[in-house]
1. If only one of Ala148, Ala177, Ala206 is surrounded by fewer than 18 Cβ atoms within 10 Å (Cβ to Cβ) and free of Cβ contacts under 8 Å to residues at least 24 places away in the same chain, which one is it?
2. Go through region 222-245 and report how many residues are without any contact (Cβ under 8 Å) to a residue 60 or more places away in the chain and polar (S, T, N, Q).
3. Looking for something in contact with a Ser or Thr (Cβ under 9 Å, 6 or more places away or on another chain), basic (Lys, Arg), surrounded by fewer than 19 Cβ atoms within 10 Å (Cβ to Cβ) and more than 26 Å from Asn136 (Cβ to Cβ) - is there at least one such residue anywhere in region 476-497?
4. Can you find even one residue in region 332-352 that is free of Cβ contacts under 8 Å to residues at least 60 places away in the same chain, of a type in the set (Ser, Thr, Tyr) and surrounded by fewer than 23 Cβ atoms within 10 Å (Cβ to Cβ)?
5. Considering only region 55-76, how many residues are under 15 Å from Met162 (Cα atoms), open to solvent by 30 Å² or more (accessible area, probe 1.4 Å) and of a type outside the set (Val, Ile, Thr)?
6. Has region 708-716 got at least one residue that is surrounded by fewer than 17 Cβ atoms within 10 Å (Cβ to Cβ) and touching a Lys or Arg at 6+ places or on another chain (Cβ under 7 Å)?
7. If you check every pair at least six apart or on different chains, which have Cβ atoms under 8 Å apart with a residue in region 703-722 that is of a type in the set (D, E, K, R) first and a residue that is open to solvent by 30 Å² or more (accessible area, probe 1.4 Å) second?
8. Among what's in region 248-276 and is assigned to a strand (DSSP E or B) and out of contact with any Asp or Glu (no Cβ under 6 Å at 6 or more places or on another chain), pick the residue that is surrounded by the fewest Cβ atoms within 10 Å (Cβ to Cβ).
Amino acid sequence: MPKENTLTAIRTTPRIAALATACLLAACGGSNHDTPAPAPAPAPAPAPQLTPELRLKISATEDFPGSYGNVGAYERVSGTLSGEVDPKDPKNAVIQDLALAPTNARGMVEYSADFVLVKPKDMSKASGVLRYDAPNRGNILAMVNPAATPSDAVYLERGYVMLYSAWQGDVPKSSPARLTVTVPVAKNADGSSITGSYRSELVPTAATPVMTLPGGVFNGTMIPYEPASLDNTLPGYSLTRRINETDPRQLVPAGDWKFADCSATNAFPGTADPAKVCLRGGFDPKYLYELVYVAKDPKVMGVGLAALRDTVSFFRKDAADSQGVANPLAGRITHAIGQGTSQSGNAMKTFLHLGFNQARDGSRVFDGIYAHVAARQTNINTRFAVPGGGGGLRTDHTAFGQTAPRGLAADYVDDVSGRQGGVMKRCTATATCPKFFLGLSGTEFWQLQGSPVLTDAFGQKDLAQPDNARIYYYASTQHGGTGGTASIGYAPTRNVYPAGTVVQFNDTFRALFIALEDWVVRDVAPPSSQVPKLADGTLARPEQLVFPVMKGLSWPVAGAATPIPEFSYLARYNGFALYDFGPQYVAQDEAGIATLLPPHDTGRDYAILVPQVDPATGLTRAGIRSVEARAPLGTSIEFNYVATPGIVDLSNLTGAFIPFHKTEAARLAAGDGRPSLEALYGNQAGYVAAVRAAADDLVAQRLLLPRDADLRVREAAAANILP
């Protein structure tokens, strides 16, 4: 008998017995028609609908430094939220392996998530805006800190409540400041371990006898999946090496590597250890190693997204938790805006794409979302998921995170894969889409495959974006950093050119976040999207770029002027192939089970385009050009090249800077094709005037806050650029 029929029989048997007893007592089937028939026994009452519980535990409340305008003092509240996810709720059906997660006596799946609040001490002074910042691999990248960044005080002066809470289930609690969420491990019905194929890249930066799992440039500090067996001679286990991504893989014999710890004093094969790999002769930094093994005990990582949904909903709406513990924000939140940077920005897109912006009660979780420097999505909902992964030309080139749609619109069509539906398909169906900002640095185009959000998959036409979305390209920037010449460092053995970009987007982000608040809270339309386009030639194939001659410059290394090589453009970028991870993998959602590792290259590719540059300066032409791009001191280049001989790669998430010559005489003598500082500004006063004009124009466009404009002008006046 099928299981559901057996359960039905068990439920109905008592009722049948009761009816039979009543029938005997009333002489059912007898001939006395004067006796009234008994009333039928009432149907059993339906089981009450259980509501998932949420329990708040506050572990610390401490003063937050400073006082902020009319809002006054703030405090920092830390703790955990322990919650339940209902596996029978259709809103959770998208979560991979939720049906295989252990449940408690209430039939619920449990989680526990760390959180931090920064809130006004007097909540009557709060503006009603809850700003959520998603941790990046457990790290709070956007912790408001006016002592270090005075302009961040704007959020507190405006009465924001800042929330940071965990969503990624494989983050180790390596420090008290790291936010973690505990999610369940999926098991077979008999309680035994689920196993499956898993792949990792081991990328040594120096010679070493041993590498620690899980490996990877981006994911290396996360909790690894344990191998099902330490016997690497079994089917499904292999270690290969190659120098560059496109080189043939060379198999390392199973007898030459083991799951073990080893060292100079504990030679190969070392001591058995499921979290480390020991290699006979050691790992050579010129090689890229790829490990494939049978792993066990996959975490139900998607529960982390449900935890985020329910955490924000609780702080936004509930008076108290399930046991009556008061919500410290109760009754004071009217709007919620979510933000994530880089990997966590990708996670916010995945949160939206998988439908989690619909709360359990059907309402909207976030009224606004800002996905900052976030070109891709995060692989959090696959069996043996890798949410901490990234992407690159040499490493993580075929990693998870690149099969979910790049296009935003609900009716987006991916002509390369044939799939339909963009990031906003599910929220459109449930009327829960937020107002949405996407921010892109130059790195997102060169390394992280960013252009498909702007064009069709073949790169032949610009896409129209949804009315509720804006996309902003931060011109001539790298993935992060403080900007300014003080941020530039030069290690000629590591990067071909001085590393970093003088141009930064931190000021731009701050102004745009306030614009998003205005749009969400006051319905004031934000600045229009500012992106490179095919239509005006500002978005181009990499081979179409023409940089000016840049040569004859130097940069200090350990106090000594060190020559910068003449710039040589190699048109090197991270391509974007359509990969097949196997028939059980749900590519559209980055879900399911990957059975082909490494994945199969289908031979179909997405077009990658990049921002076109000004042939006179080498700076990009489109997008939001910040003060440093409008009054430049040199060429901020959105990429850099690895200097290691034989390695074909872009410097990870890093740009380059080549200064202008100070005088026309020096420029001409060197043969540099760009203008000199002297030609651009004449003297120091001219430079300050150019900075002031740039800042005033950006303020007028709502792309720079007045306080940041004043700061940039003061910095320019204090700088020793020209006589």
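The values are calculated or read from the model by the stated rules, or taken from the named source; none is laboratory data. Since we're looking at a predicted model, the values are computed, not measured. Glycine also receives a Cβ, built like all others from the backbone with ideal geometry; neighbour counts cover every protein chain displayed. SASA here: full protein model, heavy atoms, side chains in, ligands and nucleic acids out. Shrake-Rupley method; radii C 1.70, N 1.55, O 1.52, S 1.80 Å.
1. On the way: Ala177 fails: free of Cβ contacts under 8 Å to residues at least 24 places away in the same chain; Ala206 fails: free of Cβ contacts under 8 Å to residues at least 24 places away in the same chain.
Criteria check complete, one pass: Ala148.
2. Number of matching residues: 3.
3. Among the residues of region 476-497, not one is in contact with a Ser or Thr (Cβ under 9 Å, 6 or more places away or on another chain), basic (Lys, Arg), surrounded by fewer than 19 Cβ atoms within 10 Å (Cβ to Cβ) and more than 26 Å from Asn136 (Cβ to Cβ), which makes the answer no.
4. no
5. Within region 55-76, residues that are under 15 Å from Met162 (Cα atoms), open to solvent by 30 Å² or more (accessible area, probe 1.4 Å) and of a type outside the set (Val, Ile, Thr) number 6.
6. No, region 708-716 contains no residue that is surrounded by fewer than 17 Cβ atoms within 10 Å (Cβ to Cβ) and touching a Lys or Arg at 6+ places or on another chain (Cβ under 7 Å).
7. Every condition considered, the pairs that remain are Arg707/Pro150.
8. Selected residue: Leu251.
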